[in-house]
Structure formats: C-alpha cells, structure tokens
Amino acid sequence: MALPLFVLNGPNLNALGKREPGIYGGQTLADIEVLCKAEGEKLGFAVDFRQSNHEGDLVDWIHEAGDVAAGIAINAGAYTHTSIALHDAIRAIKIPVVELHLSNVHAREEFRHKSMIAPAVKGVICGFGVQSYILALHALSSITT
Ligand code: DQA
C-alpha cells in the first residue's frame, strides 16, 4: 500500500452544512470525509482527513505529512489568504501539495483573490464544490504514482 494522502481543512470548515450553504453547499465535513476516504481507496491511498481552527495545528500537520505521507490536499479556509506560516510550512516539505477550495474564490470578494499558499503548492483547484476534494485527490494520485 502506498503512503497515505493527508486532506487538511482549516478554520470554519467544521461548520460546513450549516455555514452559508448557498456558497459552500449542504454537505457536512463528515460527509466529505466519507467521500474522500472512498475515493482514496479507489485510487489506492488511505486518506488521513483532519480539520482545525488553529493555524499552528495545520503547520504541525504539514510537517508531519512531509515525513509520513505521499501528498497533501489542503483547504486552508481563510488562512489561505493570510498565512505566511502555511506558505513556509509547505515550502519546508518535499511532497506535493494541492490547494483546494469549495467555492470559486476568484469570483468572490477581492480579499479572497490572493492566496498566500498558492506560490508554494503544486496546483490549485477551486469552484467545484465537494468535487474540488475529489479532483485534488486525483491530481495527487496522478503525480505521486
Ligand atoms: C474556502 C474559501 C475561503 O475564502 C474561505 O475563507 C473558506 C472556504 C472554500 O473552500 O471555498 O473558509 O476555502
């Protein structure tokens, strides 16, 4: 079995399902975890799925993944737009990282157009709702196997 893929989720994503469903859809993070694990299995990867509202947890998990995982799909939530710490953590590891967003951040408020982590990642997927997670897993699978 290949090394696992980490799927990391940042702040407020624990509120999916009840949080602005017109933008983020009606599925909960637990629903998305089930979908990611099933898709990972099809692709031959175990999926380690985590969420935190705390920037430092995400930094720690990126470092951990760098030692034990084949790649990371990350929805960093609002930290996408602010976090030099996440940018630096991604730069500090060698495995591929795919940035993802449920919504099309470029079609929203201007403050969401800038990603601090985009220059450090392999690629970015946004705007496909829950499918963004699935597409990110496929992207990782295609570049790690
Ligand atoms: C998000 C987009 C971010 O701008 C926002 O802060 C989020 C969710 C998305 O998945 O569309 O929390 O990352």
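Hey, does the stretch 53-73 have a residue that's modelled with pLDDT of 95 or more and closer than 15 Å to Leu102 by Cβ? Yes, the conditions are met somewhere in the stretch 53-73.
Within the stretch 76-97, the set of residues being among the small types (Gly, Ala, Ser), assigned to a loop (DSSP other than H, G, I, E, B) and within 15 Å of the ligand (Cβ to nearest atom) comprises Ala76, Ser83.
Looking for whichever is in contact (Cβ under 8 Å) with a residue 12 or more places away in the chain, part of a helix (DSSP H, G or I), closer than 14 Å to Leu8 by Cα and under 15 Å from the mean Cα position of the chain (by Cα) here; the options are Leu58, Leu135, Leu100. Which one fits? On inspection, the qualifying residue turns out to be Leu58. A single entry from Ala92, Ala70 fulfils the requirement of being touching a residue at least 60 places away in the same chain (Cβ under 8 Å) and of a type outside the set (Ser, Thr, Tyr): Ala70.
Table: residues versus (1) surrounded by 14 or more Cβ atoms within 10 Å (Cβ to Cβ); (2) over 15 Å from Leu140 (Cα atoms); (3) touching a strand residue (DSSP E or B) at 6+ places or on another chain (Cβ under 8 Å).
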| position | (1), (2), (3) |
| --- | --- |
| Val47 | yes, no, yes |
| Val59 | yes, yes, no |
| Ile72 | yes, no, yes |
| Thr80 | yes, yes, yes |
| Ile84 | no, yes, no |
| Lys94 | no, no, no |
| Val98 | yes, no, yes |
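The values are calculated or read from the model by the stated rules, or taken from the named source; none is laboratory data. Everything quoted here is computed from the prediction, not taken from an experiment. Neighbour counts are summed over all protein chains in view; Cβ atoms, including those assigned to glycine, are modelled from backbone coordinates with ideal geometry.
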